[in-house]
Each structure stands twice: as structure tokens, then as C-alpha cells.
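Comments concern the structure below.
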Amino acid sequence: MSEKKEGTLINFKKAQGSILKIIKMVEADEYCINIMQQNLAALGLLKSAHQMLMENHLNTCFKKAMETSNEKRKQEMIEEILKITKLFIK
């Protein structure tokens, strides 16, 4: 596993821990603002992991596809990036 993917995995695991904490906080009927702060922390970790995955993808899979002479494959890769970017923005 690459160093980039290891960093991504760490963020996902931290987010998982945050989500479990959020669930316990809601079940314990803790103060809403505290729950929201924890939620924002989890969202930040997930956004960071997404960015790491995108960066890794662009530097590996996407770059490799762009170096080929297969125009169909290049277009597919561009469309994938556009699709995932649109989903992220929503």
C-alpha cells in the first residue's frame, strides 16, 4: 500500500472513530453544539481523505491513461473526474 493510501486510511479510521463518538453523544442526549462540532471534525477528515484519494488517482491512474494513445480511454477518465467532482460539490 502506498504512503498516500495509508494516510487516507488513517483519516477514514479517525472519521470512523468520530462517527462512533457522535452516535454515543446523540444517544446520551449531549448538547447539540458539541455534537455539531464533532460532526464537523468528522466531515473534515472525510474531505481530507477524499482529497488524498483524488490526488493519488490523478498522479497514478489518470496520469497513466493520459499517457496512452487510446483517446476513448482518455475521454472516459476525464468524464470520471468530472462526475466525481460534481458529486463532491453537491
Scan S69, S18, S2, S48 and give me the residue that is in contact (Cβ under 8 Å) with a residue 12 or more places away in the chain and loosely packed, with under 15 Cβ neighbours inside 10 Å. S2
Quick check on the stretch 1-9. Is at least one of its residues aliphatic (A, V, I, L, M), touching a helix residue (DSSP H, G or I) at 6+ places or on another chain (Cβ under 6 Å) and assigned to a helix (DSSP H, G or I)? no
So which residues in the stretch 46-88 are of a type in the set (D, E), farther than 18 Å from K5 by Cβ and in a helix (DSSP H, G or I), if there are any at all? E71, E76, E79, E80
Test each condition in (1) assigned to a helix (DSSP H, G or I); (2) at pLDDT below 95; (3) not hydroxyl-bearing (S, T, Y) for L20 and report the one that comes out false. (2)
Identify the residue in the stretch 55-66 that is crowded, with 16+ Cβ neighbours inside 10 Å and not polar (S, T, N, Q) and, among all such residues, is farthest from the chain's Cα centre (by Cα). A65
Out of the residues in the stretch 23-45 that are part of a helix (DSSP H, G or I) and not hydrophobic (A, V, I, L, M, F, W, C), which is surrounded by the most Cβ atoms within 10 Å (Cβ to Cβ)? Q38
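The values are calculated or read from the model by the stated rules, or taken from the named source; none is laboratory data. Just so you know, these numbers come straight off a predicted model, no measurement behind them. As a convention, Cβ positions derive from the backbone with ideal geometry for all residues, glycine included, and neighbour counts pool all protein chains shown.
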